[in-house]
Amino acid sequence: MFAKRVAHLRPTGAFEFLDKAKKLEAHPSQHGTGREGKSIIHLEIGAPDFDTPDNIKDAAIKSLKNGLTKYVQGAGIPELRETIATHIAKTRNISVSPDEVVVGPGASPIIFYLILALIEAGDEVIYPDPGFFTYEPVTIFAGGTPCPVHLIEEKGFSIDLEEIKANLSPRTKLLILNFPHNPTGGMILKEDLDALVDLVRDRDIWILSDEVYSQMLYEGDFCSIASYPGMKEKTIILDGFSKTYAMTGWRLGYGVMDKELAYKVASVLIQCNSCTTSFIQPAGVEAIKGPQGIVKERLEIYRKRRDIIVDGLNSIPKIRCVRPKGAFYAFPNIKELGISSRELALRLLYEAGVCCLPGTVFGKFAEGYIRFTYSNSESNIKEALNRIKKFISKEFT
Ligand SMILES: Cc1ncc(COP(=O)(O)O)c(C=O)c1O
C-alpha cells in the first residue's frame, strides 16, 4: 500500500521510550499503584536540560518584531552563512566561503538532504555502529547499502582502522564519522585520525564529519578531519546549535561543504522546506558571535555530572562504564546481567522509574549496552543511580 522506500522507517526508539515514560507519569493505573503518576527520571532524550541563553532568544524576538517573517534565501540568510563560514574557518583552521555553507532546520535534515544528494542504488555508506540513529535508515531510504563499522569499548569507542579497511570498497561513496560520539561519548584518538586520513585521502569518497558535539569535549582540543591537508575538499562538516546552545527545539543547523555540493543540497532543501525559519536565523548569528562563557560553564556542569554517573554506574555490580570524553552520554556495558538491553531498559523504566535507551536503538553492534543522557540535575542523576543500584541488587545479585 505504501511506497517500499518507507517500509523500514519507524520513529526513533528514543521517542518510543519517551512516550512510554510520559504514559507512566500520566496514567499510574496502567503500571503503578498509587494515585499519583509514577515518578520517572528522564535520562533518555539527547537534549540539554538548560534553557537557550537569553541573548539568543532576544535576537529571535527582535527579528520577529522587526518583521523578518517572510521567506528568505533557501541556503540561509547571508549574514548567518557568513558568520558560520568565519566560525568554521577559525575553529577548523581552513578557508571557508559563505557559498560553501547550507543552513537547515537542524543538523538532521542536512544529513537527510546530503545523503539524498549523494547516494543512489549500489553506493555504499560506512557509518559508526553504535551510532546516531539517522545514518542507516536514510542510507536505505536513498537506495544505498549500509556498511556499519563496529566501534568497540576496548578502544574507548574510537574507530578501528581494520574495520574501516574491511568495509571500504570501490562502491564506497560516503564515510560518516561522528566525534565526540553519540551514543558512547567516545572521541577518536589522534593517531587513529592520522591513520584514517592516510587511508582515505586519495580515495574518491566523501566524508561526512558529524561535529555537533565538537564544543562538548572534556579533554584536549577538538580536531576535525577537514583540518588535514587535502581533506577539506572531500569533507562535509556538520554542526549546529541544538547541543552547544541548548536549542534543540529551534531546529537550526548547518553543513559546510564543496560549493557545488552545497548548491545541490540547498536545492533539495528548497524543494522540501523552501527555507529555514527566517526569524531564528539572526539568533544563530547571535549564538556564534555573542558571549561564549555560558557554553564553557555548562561544559563544566556536564563534566561534574559525567563523573557522578560514571562513578555511580561503576559502583553497581555487573555494570561497567567507560568514562566518556565528550558529549553528554554514558554508555555502560550490561552484558554480565545476562538480559538484552531492551529488556533492561524496559525494566528500569517500569520497575525502577529510570528512563534510558537500549543500546540497540543505535545499531546491531550496540546490544549489551544502554545509554543514559546526563542532561539532568545532579540530584536527579544521584536519585537515578540509587534506584538502579537498588533494582540491580534486588534482581541480579
Ligand atoms: C550525532 C548527532 N548528529 C546530529 C544530530 C541532530 O541534531 P539537530 O538536528 O538537533 O541539529 C544529533 C542529535 O541528537 C546527534 O546526536
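The values are calculated or read from the model by the stated rules, or taken from the named source; none is laboratory data. Since the model is a prediction, treat every value here as computed from it, not as a measurement. When we count neighbours, we look across all protein chains shown, and the Cβ atoms used for this are built from the backbone with ideal geometry, even at glycine.
Selection over the range 234-289 of residues that are within 16 Å of the ligand (Cβ to nearest atom), of a type in the set (A, V, I, L, M, F, W, C), within 27 Å of Gly67 (Cα to Cα) and crowded, with 21+ Cβ neighbours inside 10 Å gives a count of 9. For Tyr127, the requirement of being surrounded by 22 or more Cβ atoms within 10 Å (Cβ to Cβ), among the hydroxyl-bearing types (Ser, Thr, Tyr) and not in a helix (DSSP H, G or I) is met. Can you name the residue in the range 61-112 that is among the aliphatic types (A, V, I, L, M), assigned to a helix (DSSP H, G or I) and within 16 Å of the ligand (Cβ to nearest atom) and, of all such residues, is farthest from Gly284 (Cα to Cα)? Result: Ile111. Checking Asp51, Asp99, Asp58 one by one, the residue that is outside the structural domain of Gln271 (by TED's automatic domain parsing) and in contact with a helix residue (DSSP H, G or I) (Cβ under 8 Å, 6 or more places away or on another chain) is Asp58 and no other. The residues of the range 173-200 that are more than 16 Å from the ligand (Cβ to nearest atom) and in contact (Cβ under 8 Å) with a residue 40 or more places away in the chain amount to a single one, Lys173. Could you check the range 314-358 and list, in sequence order, the residues that are surrounded by fewer than 21 Cβ atoms within 10 Å (Cβ to Cβ), touching a helix residue (DSSP H, G or I) at 6+ places or on another chain (Cβ under 7 Å) and polar (S, T, N, Q)? Passing the criteria: only Asn333.
From the list Pro170, Pro130, which residue is in the same structural domain as Asp202 (by TED's automatic domain parsing), within 16 Å of the ligand (Cβ to nearest atom) and of a type outside the set (Lys, Arg)? Full working, then the answer.
Values: Pro170 fails: within 16 Å of the ligand (Cβ to nearest atom).
Matching residue, one of Pro170, Pro130: Pro130.
With away from the ligand (no atom under 12 Å from the Cβ), in contact with a Pro (Cβ under 9 Å, 6 or more places away or on another chain), more than 30 Å from Asp202 (Cβ to Cβ) and not in a loop (DSSP other than H, G, I, E, B) as the only criterion, which of Leu299, Leu313 stands out? Of the residues listed, the single one that is away from the ligand (no atom under 12 Å from the Cβ), in contact with a Pro (Cβ under 9 Å, 6 or more places away or on another chain), more than 30 Å from Asp202 (Cβ to Cβ) and not in a loop (DSSP other than H, G, I, E, B) is Leu313.
Of the numbered conditions (1) part of a helix (DSSP H, G or I); (2) within 20 Å of the chain's Cα centre (by Cα); (3) of a type in the set (D, E, K, R); (4) over 16 Å from Thr52 (Cβ atoms), Glu336 fails exactly one; give the number of that condition. The one condition Glu336 does not meet is (2). Here Arg203 passes the criteria (1) within 16 Å of the ligand (Cβ to nearest atom); (2) free of Cβ contacts under 8 Å to residues at least 40 places away in the same chain except the one numbered (1). Among the residues making up the range 37-95, a single one is within 22 Å of Ser267 (Cβ to Cβ) and aromatic (Phe, Trp, Tyr): Tyr71.
The condition of being under 22 Å from the mean Cα position of the chain (by Cα), surrounded by 21 or more Cβ atoms within 10 Å (Cβ to Cβ) and over 28 Å from Arg5 (Cβ atoms) holds for Val101. Taking the numbered list (1) more than 27 Å from the chain's Cα centre (by Cα); (2) modelled with pLDDT under 95; (3) within 24 Å of Gln292 (Cα to Cα) in turn, Gly46 passes all entries but (1). Taking each residue of the range 105-134 that is over 24 Å from Gly185 (Cα atoms) and looking for partners that are within 9 Å of the ligand (Cβ to nearest atom) and of a type in the set (Gly, Ala, Ser) with beta-carbon atoms closer than 9 Å, six or more apart or interchain, yields Pro105/Gly253; Tyr113/Gly104. Only one entry of Gly106, Gly144 meets the criterion of being over 18 Å from the mean Cα position of the chain (by Cα) and at pLDDT 95 or above, and that entry is Gly144. The listed residues are Tyr350, Tyr374, and the only one of them that is within 16 Å of the ligand (Cβ to nearest atom) and hydroxyl-bearing (Ser, Thr, Tyr) turns out to be Tyr374.
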